[in-house]
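The values are calculated or read from the model by the stated rules, or taken from the named source; none is laboratory data. The structure presented is a predicted model; accordingly, all values stated were derived computationally and were not measured. Don't worry about glycine lacking a Cβ; one is built from the backbone with ideal geometry, like all the others, and counts go over all protein chains shown. Just the protein is used for accessible areas: all its heavy atoms, side chains included, with ligands, DNA and RNA removed. Shrake-Rupley method; radii C 1.70, N 1.55, O 1.52, S 1.80 Å.
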Amino acid sequence: NIKKRFSTKNMIVKGYSRIVIYVICTVFLASCSANSQTDKEVITERELPVMEVFAKDTVLRREYVADIQAFQNVELRARVQGFLEKVYVDEGQEVKKGQLLFKTNDEEYKAELAKANATLQSAIAEAKAVELEVDRLRVLVEKNVVSGTELEVSLAKLEAVKAHIGEAESAKSNAATRLAYTSIRAPFDGTIDRIPLKAGSLIDQGTLLTTASDVSAIYVYFRVSESEYLQYVKTRTNADINNNNVRLILADGSPYEQMGKIETMDGEFKGSTGSISFRARFPNPSKVLKHGGTGRIILFNTIEHAIMVPQKAVFELQDKNYVFLVDSTDHVKMKNFTPMTRFSDYYIVESGLEVGDRVVYEGIQNLRNGAKIVPVPVALDSTIVM
């Protein structure tokens, strides 16, 4: 009996020990879980850099493919048929307005002019004879020697002869013009292009002899999308006239020394591309620019009070742009906005954000919507690199 009592007592003690151990373990685990949850809450409240959305007068730079064309570029073609007798200029030579460039044989046209002149002189002489006849008949009619009908016939003949004189004068003028066409002269001060034909070549009317280019000034054409065109027009009416200024980057990457100015644009958009063509004019005193050249145009577009947000603060979700806004309780919230364009390391905001909004500047990769953070203000000067 004593052994049974002792054994039962040991079993009871062991049972109580197990219960105590279980309670202690449970309390310990609960304490660890609470500490772990507290640690997670502490970890969630991370220190993250935060900056305010700001506004700044901004000058955008956009580049476009440039098509360089001479101020004047004219094809010089033969106006009459004949043999090319002489070439007075060389390829690439600078010429003055009215300078003789080419000469075709003119014997045939000189003969036509002489014939037309002879016809004119004959008509003039005939007219003088008829005028004398009219004067004689007029005297006889006054004396009632002849009837007035003869005088009327002579007056009609005189009108016909005068018409012949006009016709002969027109033929003479036409012959003189055709003779003048045998001499091809420069239409303006410029530079001569290639000369494909040499002296002695038989040329027809319309044959290309060369091309003359006036590159004292240069036209540069470039195409702009509809949205960029609208932005340019809106900012041009609100900003200064410098929005018309453009810079040309040459084919080798170097900037052209002279600034250009936008003069005009097309009257309609091209349906296939949805773009419109601008024309800028550049002075070309050194004649560096040539007709048919290429390059890039930089268009400066001034935007007043542009609302800006750093690209580091922006992330994309389903083709939309978002930032994490920080509210007054330091909780973050995803906010969608519409960008107008990119500028340096920033987006220019079209809508969705206001000046003074606080956004998370960095560390947005692992940030959850609704999380609480410890905001660390970022100075504006440390982010701007323009």
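For the reader, a short list of remarks on this structure follows.
- Database remark: amide H of residue 210 closer than 5 angstrom to the amide H of 76 (H placed geometrically; neighbours at sequence offset of 5 or more, or on other chains; Pro and chain starts carry no H).
- With DNA, RNA and ligands ignored, accessible area of residue 315 (1.4 Å probe; Å², nearest 10): 50
- If you sort 108, 228, 91 by accessible surface, 1.4 Å probe, largest first, the order is 108, 91, 228.
- Residues of type aspartates and glutamates that residue 198 reaches as a straight line, Cα spacing below 14 Å, ignoring anything fewer than 8 places off in the same chain: 85, 90, 91
- Distance-filtered residues of the range 357-373 - backbone nitrogen under 14 Å, label point 7 angstrom along residue 47 Cα→Cβ: 373
- Between the C-alpha center of the range 301-341 and that of the range 179-218 there is a gap of 61 Å.
- Entries of 97/261; 234/372; 86/290; 110/162; 56/290 with Cα pairs more than 30 Å apart: 234/372; 56/290
- Relative to the current alpha-carbon distance between residue 338 and residue 268, full extension at 0.36 nm per residue lengthens the span by 22.4 nm.
- Over all other residues within a Cβ to Cβ distance under 13 Å of residue 327, the charged ones net out to +2, with Lys and Arg as +1 and Asp and Glu as -1.
- Charged neighbours of residue 218, selected by a Cβ distance under 14 Å, balance to +2 (K, R count +1; D, E count -1).
- Per-residue SASA entry for residue 376, accessible area with 1.4 Å probe, Å² rounded to 10: 60
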